[in-house]
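The values are calculated or read from the model by the stated rules, or taken from the named source; none is laboratory data. Just so we're clear, the structure is a prediction, and the values are computed from it rather than from any experiment. Positions of Cβ are backbone-derived with ideal geometry, glycine not excepted, and every protein chain shown enters the neighbour counts.
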Amino acid sequence: MKTKIKTIVLLLTLCSFSSLLKAIELSGQTLNAQSSPLPNTSIFFNGNKVNSDQAGRFKLSVHSDKYYRITVSKPGFYDMTHTFEHLELANNNFQIPPIELVQKKLGRVMFAFGGDTMMGRRYYDPYFNEPSLITPKDRLHNSVSILRNIKQYLTIADYTSINLESPILESALNSKADKSVTFYSHPDTLKSLAWAGVDYVSLGNNHTYDYLQEGLEKTLTYLKNSPLGFSGAGLSEADALKPHTTQLNGNSYDLYGFVGWKGKKAPWQSANELQGGAALGTMSNLRAVIDSSIKNNVLPIIQYHGGLEYSATPSLVTEQRLKHAIDQGAVMAIAHHPHVSQGFELYKNKLIAYSLGNFIFDQNFPATHNSTLLYVWLDEGQFFRAEIVPIFIQNYQPTAAVGQQRHTILKRIKQLSAMKRTKTERSGGHAVINKNTITTKNTITKSATRQIQPFTQTNGVKNLYLNSSWTQTISQFPAPNTSIRYGKNLISSGDYESYFTWDAIDRTWLFTNTKPTLVKDGYLNQYLNLEYLGGQITFGTKHFNRVYKPDAPTLLQLKLRANINLKISAYWEGRQSKQRLQDAFINPMSELIGTHTVSPNNQWQQLRFDFDSPRLGYKSYRIKFVIEADKSFSQPKNIAIDDVELIEWHTAFSDVMTKTDALVETTHIEVKNR
């Protein structure tokens, strides 16, 4: 029986900021895919429209708000939607980066690809007595609501595909696969996907056969009665290898789905001569299906589900098979399964996406929340352009990533793609890959790095989002007489800017013995105010961070402002390797990191706690703060917190960067005097 943990429900009240609203002017420029000005383009915002001038420039007067979503449109071009956060634009004088549109033409097709998708498990029965996103009474309405914030991004494509990583069943069946994780999604999932603009689902993955032959039979029946195309699984091996064929702008495309491994034991997750299942993505199977499509004058697209979960880079097996598919004639290869985004590669001027990350999924640790939606334009099967939309999974729902989350996602994509000699550039709030854009291999030597502008900061921790664009190269050496180290923030929502975004609550934080209130200041910066009610306040991350490096120097820091004397202690709480998750929620191993005493001050104070991450023997860990306040203070006791960061250092302090792979996920640097 699953143990429920009672918590205080977060008070999601906002301070009134109607008096803070003021008119601002957003400005920008529209370009075509060749970066030439695009005049007479329409820019839509909240029902209002302005047109760009002959130089493609536009100005848009709006009331200041937390977020701005604009759609750019011009006859004969594909529409594009971009979303921005107030603070990120304010830091750039409300100048929107130039937005490029792709022209429509005969034979050109725009595809959209989303990653791993399911609507079961914690969508109905979440942890910590949190509200359910889907209830049986309002199942279809709830399922549609999960996609409401991303629909606009899906419907602009000619053809949209996702990886359906779930059987489709009305209820669990008696017989299921002998594996640690199985789940299913209700048939209303298919209706909601179709409503949002999805055209096709790939079944080539390790969960399609969770409920064995009967479950697959029911899944295929529901899909056949839906408007969605599908492939990648079947009741026999021959059926599993069949493509879904579609006609798009004068060309025929075959869409295939494959899983990368057969499973741990029989009955296998992949189809064979004795059973159904997912299509197995062996080299021979890939060659056979691609040869068949080419023989029939149809353009083959490969989707592949494999690699290692939570890894930043593809496994060698995955990379080899995807390149093999391109070698055999596939027009592109799209992969998933790691639940995190990986890089892109232009291989023989054809696109390989090594992992898109999650699209709709109920994983609760931060590494799985940063994701991507991929647009690809093909000209009669030839790669023309790709555009990467950063996605943040907020409350298990896909939303447009903005601000610091956008920076983190696109910086990671830029670095990972550069490792594959593929260049990413910027268009508005997205990244783009153009054909024939190959970067030189990144080789670092001490003499070479001295030609790059060094960090001028002489001491302290630096958040790269606040100081640079994701497109900028990270400097690899510090100023003279200083040392530098590079790290990654493991908490993606500690600035509270994404709190209650798009009507989707943040499930990251756990509070006891306080009433948290979300506050916006005059600059629309958000922070939390904790009312002191007596006794100890505790707050921290609800869920254990599964993706971390053991025995790594780590910095936990936050900003705090209080009108009373208080003591704040920081702890890490670990889930041991063989400990059940529900037991770890209640009985984690706990270790004190450090303690600070804080005096009343109306200014923000920066507090830091340095420690080494848990060594071997732990599967994951989370952080917790305990606050003890001065009880004698008679006025209302208020404690404000902001910018909680858990920075895992990936290099030691040094005067030059030699471990270049550490740059892949760098969000922070620290410089100290030697």
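State the number of residues belonging to the range 609-638 that are surrounded by 15 or more Cβ atoms within 10 Å (Cβ to Cβ) and either within 18 Å of Leu490 (Cβ to Cβ) or outside the structural domain of Ser569 (by TED's automatic domain parsing) (or both).
The total comes to 12.
Of all residues in the range 77-127, which are small (Gly, Ala, Ser) and either more than 18 Å from Thr372 (Cβ to Cβ) or not assigned by TED's automatic domain parsing to the domain that holds Thr372 (or both)?
Ala90, Gly107, Gly120
Checking Gln394 against (1) at pLDDT 95 or above; (2) within 11 Å of the chain's Cα centre (by Cα); (3) of a type in the set (S, T, N, Q): exactly one of these is not met. Which one?
(1)
Kindly evaluate Glu380 against the criterion of being charged (D, E, K, R), at pLDDT 95 or above and either surrounded by 23 or more Cβ atoms within 10 Å (Cβ to Cβ) or within 12 Å of the chain's Cα centre (by Cα) (or both).
No: the conditions fail for Glu380.
Taking the range 250-302 on its own, how many of its residues are under 33 Å from the mean Cα position of the chain (by Cα), surrounded by fewer than 17 Cβ atoms within 10 Å (Cβ to Cβ) and under 21 Å from Gly229 (Cβ atoms)?
Within the range 250-302, residues that are under 33 Å from the mean Cα position of the chain (by Cα), surrounded by fewer than 17 Cβ atoms within 10 Å (Cβ to Cβ) and under 21 Å from Gly229 (Cβ atoms) number 1.
Which condition does Ser64 not pass, out of (1) more than 21 Å from Tyr527 (Cβ to Cβ); (2) in contact with a Leu (Cβ under 9 Å, 6 or more places away or on another chain), if it passes all the others?
That leaves (1) as the condition not met.
Of the conditions (1) under 17 Å from Thr538 (Cα atoms); (2) modelled with pLDDT of 95 or more, Glu648 clears all except one; give me its number.
Only one criterion is unmet by Glu648, namely (1).
Among the residues of the range 582-608, which ones are of a type outside the set (D, E, K, R) and either not in a strand (DSSP E or B) or not assigned by TED's automatic domain parsing to the domain that holds Arg546 (or both)?
Gln582, Ala584, Phe585, Ile586, Asn587, Pro588, Ser599, Pro600
If you go through the range 177-193 one residue at a time, how many are under 15 Å from Arg139 (Cα atoms) and either touching a His at 6+ places or on another chain (Cβ under 6 Å) or hydrophobic (A, V, I, L, M, F, W, C) (or both)?
Of the residues in that region, 2 qualify.
For residues that are of a type in the set (D, E, K, R) and within 18 Å of His668 (Cβ to Cβ), scanning just the range 549-584, find the one that is modelled with the highest pLDDT.
Per the stated criteria, the residue is Lys559.
Do we have any residue at all in the range 613-628 that's over 27 Å from the mean Cα position of the chain (by Cα), more than 30 Å from Gln582 (Cβ to Cβ) and not in a loop (DSSP other than H, G, I, E, B)?
The answer is no; no qualifying residue exists.
Filter the range 346-375 for residues that are β-branched (Val, Ile, Thr) and either under 30 Å from Trp509 (Cβ atoms) or surrounded by fewer than 24 Cβ atoms within 10 Å (Cβ to Cβ) (or both); which is modelled with the lowest pLDDT?
Thr368
State which residue is surrounded by the fewest Cβ atoms within 10 Å (Cβ to Cβ) when the search covers only the range 567-592 and only residues that are under 21 Å from Ile639 (Cα atoms) and touching a Phe, Trp or Tyr at 6+ places or on another chain (Cβ under 9 Å).
For the range 567-592, the residue satisfying everything is Ser569.
Looking only at the range 493-517, how many residues end up being among the hydrophobic types (A, V, I, L, M, F, W, C), out of contact with any Lys or Arg (no Cβ under 6 Å at 6 or more places or on another chain) and within 25 Å of Glu628 (Cα to Cα)?
Summing the residues that are among the hydrophobic types (A, V, I, L, M, F, W, C), out of contact with any Lys or Arg (no Cβ under 6 Å at 6 or more places or on another chain) and within 25 Å of Glu628 (Cα to Cα) in the range 493-517 gives 2.
At least 2 residues that are within 30 Å of Leu581 (Cα to Cα) in each: list the strands (runs of 3 or more DSSP E) lying fully within the range 39-133 that qualify.
Correct list: 108-117.
Inspect all residues belonging to the range 147-154 and state whether any of them is over 22 Å from the mean Cα position of the chain (by Cα), touching a residue at least 12 places away in the same chain (Cβ under 8 Å) and either surrounded by 23 or more Cβ atoms within 10 Å (Cβ to Cβ) or under 19 Å from Gln394 (Cα atoms) (or both).
Among the residues of the range 147-154, not one is over 22 Å from the mean Cα position of the chain (by Cα), touching a residue at least 12 places away in the same chain (Cβ under 8 Å) and either surrounded by 23 or more Cβ atoms within 10 Å (Cβ to Cβ) or under 19 Å from Gln394 (Cα atoms) (or both), which makes the answer no.
Table: residues versus (1) under 25 Å from Ser620 (Cβ atoms); (2) among the polar types (S, T, N, Q); (3) modelled with pLDDT of 90 or more; (4) outside any strand (DSSP E or B).
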{"position": "Thr458", "(1), (2), (3), (4)": "no, yes, no, yes"}
{"position": "Trp470", "(1), (2), (3), (4)": "no, no, yes, yes"}
{"position": "Ile491", "(1), (2), (3), (4)": "yes, no, yes, yes"}
{"position": "Asp495", "(1), (2), (3), (4)": "yes, no, yes, yes"}
{"position": "Phe511", "(1), (2), (3), (4)": "yes, no, yes, no"}
{"position": "Thr517", "(1), (2), (3), (4)": "no, yes, yes, no"}
{"position": "Ile537", "(1), (2), (3), (4)": "yes, no, yes, no"}
{"position": "His543", "(1), (2), (3), (4)": "yes, no, yes, yes"}
{"position": "Val547", "(1), (2), (3), (4)": "yes, no, yes, yes"}
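Pick out, from the range 342-430, the strands (runs of 3 or more DSSP E) lying fully within it that include 3 or more residues that are in contact with a His (Cβ under 9 Å, 6 or more places away or on another chain) and among the hydrophobic types (A, V, I, L, M, F, W, C).
Passing ranges, in order: 382-394.
Among (1) in contact with a helix residue (DSSP H, G or I) (Cβ under 7 Å, 6 or more places away or on another chain); (2) surrounded by fewer than 20 Cβ atoms within 10 Å (Cβ to Cβ), where does Gly343 come up short?
Condition not satisfied by Gly343: (2).
When you scan the range 493-501, do you find a residue that is surrounded by fewer than 18 Cβ atoms within 10 Å (Cβ to Cβ) and not aromatic (Phe, Trp, Tyr), even just one?
There is no residue in the range 493-501 that is surrounded by fewer than 18 Cβ atoms within 10 Å (Cβ to Cβ) and not aromatic (Phe, Trp, Tyr).
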